[in-house]
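Q: I have a structure I would like to understand better, so I am pasting it below and will then ask my questions one at a time.
The values are calculated or read from the model by the stated rules, or taken from the named source; none is laboratory data. Quick caveat, the model's predicted, so the values are computed rather than measured. Reconstructed Cβ throughout: ideal geometry from the backbone, glycine too, with neighbour counts over all protein chains shown.
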Amino acid sequence: MKEYHKIETIFERDMDGNKKIIEGKFRNPLVEYLKNNEWVFTEKIDGTNIRVLWDGHKVSFNGRTDNAQLHGHLVDRLNELFMGNVNEELFEQMFGDKEVMFFGEGYGAGIQKGGGDYIDEKDFILFDIMVNDVFLPRENVENIAKSFNLKVVPLAPVKTILEAIDYVKTKPVSQVGKCMKIIEGVVGTPKYRITDFRGNRVIVKIKVEDFV
């Protein structure tokens, strides 16, 4: 099963031992070039990565790697959301024999420190969908999430890299949390699909802890 790609931190880190980010020194010159363009930012949820695969015939799921161990109650929730004849028919109806991967986060009490500040139980929240190796735009992800009755990571109220940096510095409260939980950060992609010269998707993360 394909793993989710690594998401780069936006700035380089100091090499002199303190490991702090060097604000303004972009890791990727393409990201710096695009910093004033319109991006789509979503809240980064602190949980465990989940991959759900429709291979054109059946559904399967796993964690970040194929050997990842998932909590039993989270497995129960994933079975409820994705397994069984009804869900299989929905995948087949929507995607036919195309290979589809749902990427999301397992989150809630017992998953990562402070997981219970999101919800008391364990659940799945969707953040990306790939169909035949192509990531879908946010609008498509939201529409598919509705069909499967899935939660989807909320949009952050910013549109550019510089706005996102200023937003994260304010330590905003999570839109998912049930109490005053500070967000882990945001993840952003250009509004229109852009790849670098290697063909890699342009995507960045900006974390609150990097500006504390």
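Q: Of all residues being more than 14 Å from the chain's Cα centre (by Cα) and part of a loop (DSSP other than H, G, I, E, B) in the range 1-18, which is surrounded by the most Cβ atoms within 10 Å (Cβ to Cβ)? Just the residue, please.
A: Within the range 1-18, the match that is surrounded by the most Cβ atoms within 10 Å (Cβ to Cβ) is Ile10.
Q: Taking the range 9-27 as the region of interest, how many residues are polar (S, T, N, Q) and out of contact with any helix residue (DSSP H, G or I) (no Cβ under 9 Å at 6 or more places or on another chain)? Before the answer, list the steps.
A: Restricting attention to the range 9-27, the residues satisfying the condition of being polar (S, T, N, Q) are 9, 18.
Checking the rest, the ones that are also out of contact with any helix residue (DSSP H, G or I) (no Cβ under 9 Å at 6 or more places or on another chain) come to 18.
The number of residues fulfilling the criteria is 1.
Q: Right, another one. For the range 113-126, name all the residues that are buried (at least 18 other Cβ atoms within 10 Å of the Cβ) and part of a loop (DSSP other than H, G, I, E, B).
A: Tyr118
Q: While we're looking at this one, here's another question. Condition first: on the phi > 0 side of the Ramachandran plot and in the same structural domain as Glu105 (by TED's automatic domain parsing). Can you find one or more residues in the range 52-62 that meet it?
A: Let us first name the residues in the range 52-62 that are on the phi > 0 side of the Ramachandran plot, namely 56.
Adding the requirement that they be in the same structural domain as Glu105 (by TED's automatic domain parsing) leaves 56.
Scanning the range 52-62 turns up at least one residue that is on the phi > 0 side of the Ramachandran plot and in the same structural domain as Glu105 (by TED's automatic domain parsing).
Q: Specify the residue that is nearest to Lys6 (Cα to Cα); the eligible residues are those in the range 158-212 that are buried (at least 17 other Cβ atoms within 10 Å of the Cβ) and of a type in the set (S, T, N, Q).
A: Thr189
Q: Here's a follow-up. Residues in the range 86-105 that are farther than 29 Å from Val187 by Cβ and part of a loop (DSSP other than H, G, I, E, B): how many?
A: Initial filter on the range 86-105 (farther than 29 Å from Val187 by Cβ): 86, 88-89, 92-93, 96-97.
Going one step further and asking which of them are part of a loop (DSSP other than H, G, I, E, B), we end up with 96-97.
Residues flagged as farther than 29 Å from Val187 by Cβ and part of a loop (DSSP other than H, G, I, E, B) within the range 86-105 amount to 2.
Q: What's the number of the only condition in (1) in a helix (DSSP H, G or I); (2) surrounded by fewer than 12 Cβ atoms within 10 Å (Cβ to Cβ) that Leu74 fails to meet?
A: Exception for Leu74: condition (2).
Q: Let me ask something else. Report, by residue number, each residue of the range 168-192 that is in a loop (DSSP other than H, G, I, E, B), under 16 Å from the mean Cα position of the chain (by Cα) and closer than 27 Å to Tyr33 by Cβ.
A: Within the range 168-192, Ile183, Glu184, Lys191 qualify.
Q: Out of the range 51-77, which residues are in contact (Cβ under 8 Å) with a residue 40 or more places away in the chain, within 18 Å of Phe95 (Cβ to Cβ) and not hydroxyl-bearing (Ser, Thr, Tyr)?
A: Within the range 51-77, Arg51, Val52, Leu53, Trp54, Asp55, Gly56, His57 qualify.
Q: Given the residues Phe41, Phe61, Phe82, which is the only one that is surrounded by 18 or more Cβ atoms within 10 Å (Cβ to Cβ) and within 22 Å of Gly177 (Cβ to Cβ)?
A: Values: Phe61 fails: within 22 Å of Gly177 (Cβ to Cβ); Phe82 fails: within 22 Å of Gly177 (Cβ to Cβ).
Answer to the check: Phe41.
Q: Looking for whichever is modelled with pLDDT of 95 or more and part of a strand (DSSP E or B) here; the options are Ile165, Ile144, Ile129. Which one fits?
A: Working: Ile165 fails: part of a strand (DSSP E or B); Ile144 fails: part of a strand (DSSP E or B).
From the options Ile165, Ile144, Ile129, the qualifying one is Ile129.
Q: Additional query: Determine if the range 97-104 includes at least one residue that is touching a residue at least 40 places away in the same chain (Cβ under 8 Å), among the β-branched types (Val, Ile, Thr) and under 15 Å from Ala145 (Cα atoms). Before the answer, list the steps.
A: Pass one, the range 97-104, residues touching a residue at least 40 places away in the same chain (Cβ under 8 Å): 97-104.
Filter once more, so that each one left must be among the β-branched types (Val, Ile, Thr): 100.
This time we only want the ones that are under 15 Å from Ala145 (Cα atoms), so: 100.
Yes, that holds for at least one residue.
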